[in-house]
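The values are calculated or read from the model by the stated rules, or taken from the named source; none is laboratory data. Computed from a prediction, not measured in an experiment: that's the story for all the values here. Glycine also receives a Cβ, built like all others from the backbone with ideal geometry; neighbour counts cover every protein chain displayed.
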Amino acid sequence: MSVIETVLGKTVTTIFDKSREGRHGIPLPKLDVPAASTTLDSSLLREDKAKLPQLSEFDVIRHFTNLSNKNMSIDKNFYPLGSCTMKYNPKITERIAALEGFAAVHPHMVTNNMADNIQGTLETVDMLEKTLCEVTGMTAFTTTPQAGAHGEMLGIMMIEKYHESKGNKRKYIIVPDSSHGTNPATAAMVGYEVITIKSDANGAMDFDEFKAKMNDQVAAVMLTVPNTLGMYNKKIRDICDLAHSFDAMMYYDGANMNAIMGVARPGDIGFDVIHINVHKTFATPHGGGGPGSGPVGVNEKLKPFLPDLGIKKVDGKYEFTKGGEDTIGKISPFFGNYGISLRAIVYMTCLGENGMHNVSSKAVLNANYVRVRLREYFDVPFDGLCMHECVLSAKTLAKNGVTAMDIAKYLIDFGMHAPTVYFPLIVKEAIMIEPTETENKETLDIFCDRMIEAVKLAQRDPAAFQEYPKTLGVCRPDDTLAIKELNVRSTH
């Protein structure tokens, strides 16, 4: 089997092709202790040495550095992914998270109750919880969830426990039709049936339909504020009041917190529980399936149900605590993904109150700048002032054969990651753009110019889009087949 690939007519060798017998990077000393005996069945033991590549350290560094440069990354490219908040990760957070006193802490110091040895680490957890309470208006936080979706499930589990503690077994959870897919999925995983409410002409959850379907069997209402259309629901206080009149809980999906951080607090609005995606709002690394961290905050009503791992300060020292008699129990043996939480508290500490307000203000300003520049060229399903992201549509272009996916493929050739397409699902040929606060006007203008050029090309020569992207090894893969038959290597 050949392991040589051809990309754009250039021969690209894999690390196995570069291997040379006897070449090595760091020599290991000769084994000077007896080989350990093994109890493994002989059939499980390797007969031949593993066929690993043999290279110098420099060969390895150069190979993987060159590979990494072929990838798009937030440090190299503009990432206008709507709903994902792909913004710059400040390097100060990376440096502090890499300090030995933090990075070398063994996770089982938590499970072994070795609090005396990690007082500084626990202080940062305490700082994060207290700061998140201040930013969100919640009473208490837990950092134990391993990811945003994990935190979302925890929130709904606590809501379930709340109703059970009052002797009420509730049946439904309400979500809008514009919700993130995790909302109905989480509700179903915890055992609830989902009631979906359509959006009104302004892109908000239709209040009249919500009012008609709200009843004493509803456990919670799950909302994102602003929503996935980038619109702020002006009736949000009325929704909270109506839900509370039935003793239903208000769940805040924190995915779009970047739009209101330092400006408005979900707890003040009327929400009872919130999960935070620190990789979206607080500039921690994002992507590749992780690393995740999803702190969850609650008000006084849900505080007794927090999971069975926490900390408190007694006589100047931090101690581990267990939940009370109403706790939902343990959902994780650790304080989430600590390195990511640490980055988040460093980011918030650097910003301060005024900095957080400035982040949200600039995020909203940038999104509206893009919206105004492009609204004459694309369909605008919900016009008017948006928050941190704007949603356009390629519906008219699609009639001439150019889809939102074609626009996305086109942008790749110009060093920009594509915006989110086909979400929210309620918008046909959706193009969802979130520039974040970290992009300057020059970058936004380059992006908008390319989007406008794409529209003009679609009007002039729609068939041209079938050739984009032209700069990648694979131009137009069968996306459906790729999902069904995952194959990430070439075998020519």
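No other residue among Arg95, Arg62 is over 30 Å from Ser179 (Cβ atoms) and over 27 Å from the mean Cα position of the chain (by Cα) apart from Arg62. All conditions in (1) at pLDDT 95 or above; (2) touching a Pro at 6+ places or on another chain (Cβ under 6 Å) hold for Asn400, with the sole exception of (1).
The test for being touching a Leu at 6+ places or on another chain (Cβ under 6 Å) and either in the same structural domain as Met231 (by TED's automatic domain parsing) or of a type in the set (Val, Ile, Thr) (or both) does not hold for Tyr338.
Screening Thr131 on (1) among the polar types (S, T, N, Q); (2) crowded, with 21+ Cβ neighbours inside 10 Å; (3) part of a helix (DSSP H, G or I) shows it passes everything except condition (2).
Taking segment 364-393 as the range and being surrounded by fewer than 22 Cβ atoms within 10 Å (Cβ to Cβ) and among the acidic types (Asp, Glu) as the test, the residues that pass are Glu376, Asp379, Asp383.
Of the residues in segment 24-46, not one is at pLDDT 85 or above, in contact with a strand residue (DSSP E or B) (Cβ under 8 Å, 6 or more places away or on another chain) and not assigned by TED's automatic domain parsing to the domain that holds Leu472. If the condition is being aliphatic (A, V, I, L, M) and in contact with a helix residue (DSSP H, G or I) (Cβ under 6 Å, 6 or more places away or on another chain), then segment 290-310 contributes Val296, Leu302. When the residues of segment 318-340 are filtered to those that are closer than 21 Å to Glu164 by Cα and not charged (D, E, K, R), the one that is surrounded by the most Cβ atoms within 10 Å (Cβ to Cβ) is Ile331.
Residues are listed down the side, and each one gets a yes or a no for (1) assigned to a helix (DSSP H, G or I); (2) small (Gly, Ala, Ser); (3) farther than 26 Å from Tyr468 by Cβ:
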position: Leu351; (1), (2), (3): yes, no, yes
position: Asn354; (1), (2), (3): yes, no, yes
position: Ser360; (1), (2), (3): yes, yes, yes
position: Ala363; (1), (2), (3): yes, yes, yes
position: Ala367; (1), (2), (3): yes, yes, no
position: Cys386; (1), (2), (3): no, no, yes
position: Val391; (1), (2), (3): no, no, no
position: Thr396; (1), (2), (3): yes, no, no
position: Asn400; (1), (2), (3): no, no, no
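Collect the residues in segment 191-209 that are closer than 19 Å to Met157 by Cβ and either assigned to a loop (DSSP other than H, G, I, E, B) or among the small types (Gly, Ala, Ser) (or both), keeping them in residue-number order. Within segment 191-209, Gly191, Tyr192 meet the criteria. All conditions but one from (1) within 30 Å of Phe334 (Cα to Cα); (2) out of contact with any Phe, Trp or Tyr (no Cβ under 7 Å at 6 or more places or on another chain); (3) crowded, with 17+ Cβ neighbours inside 10 Å; (4) not hydrophobic (A, V, I, L, M, F, W, C) apply to Asp206; the one that does not is (1).
Candidates Ile61, Ile159: the one that is in contact (Cβ under 8 Å) with a residue 24 or more places away in the chain and of a type in the set (A, V, I, L, M, F, W, C) is Ile159. Please work out if Thr396 is crowded, with 19+ Cβ neighbours inside 10 Å and polar (S, T, N, Q). Considered against the rule, which asks whether it is crowded, with 19+ Cβ neighbours inside 10 Å and polar (S, T, N, Q), Thr396 comes out as no.
Taking the criterion of being at pLDDT below 95 and touching a Gly at 6+ places or on another chain (Cβ under 9 Å), the residues of segment 285-306 that qualify are Pro291, Gly292, Ser293, Gly294. Taking segment 134-160 as the range and being in contact with a Gly (Cβ under 7 Å, 6 or more places away or on another chain), assigned to a loop (DSSP other than H, G, I, E, B), closer than 19 Å to Thr327 by Cβ and not aliphatic (A, V, I, L, M) as the test, the residues that pass are Thr143, Thr144, Pro145, Gln146.
Scanning segment 389-428 for residues that are under 17 Å from Asp445 (Cα atoms) and among the aromatic types (Phe, Trp, Tyr) returns Tyr410, Phe414. Counting only residues that are under 18 Å from Ile156 (Cα atoms) and not aromatic (Phe, Trp, Tyr), segment 280-308 holds 15 of them.
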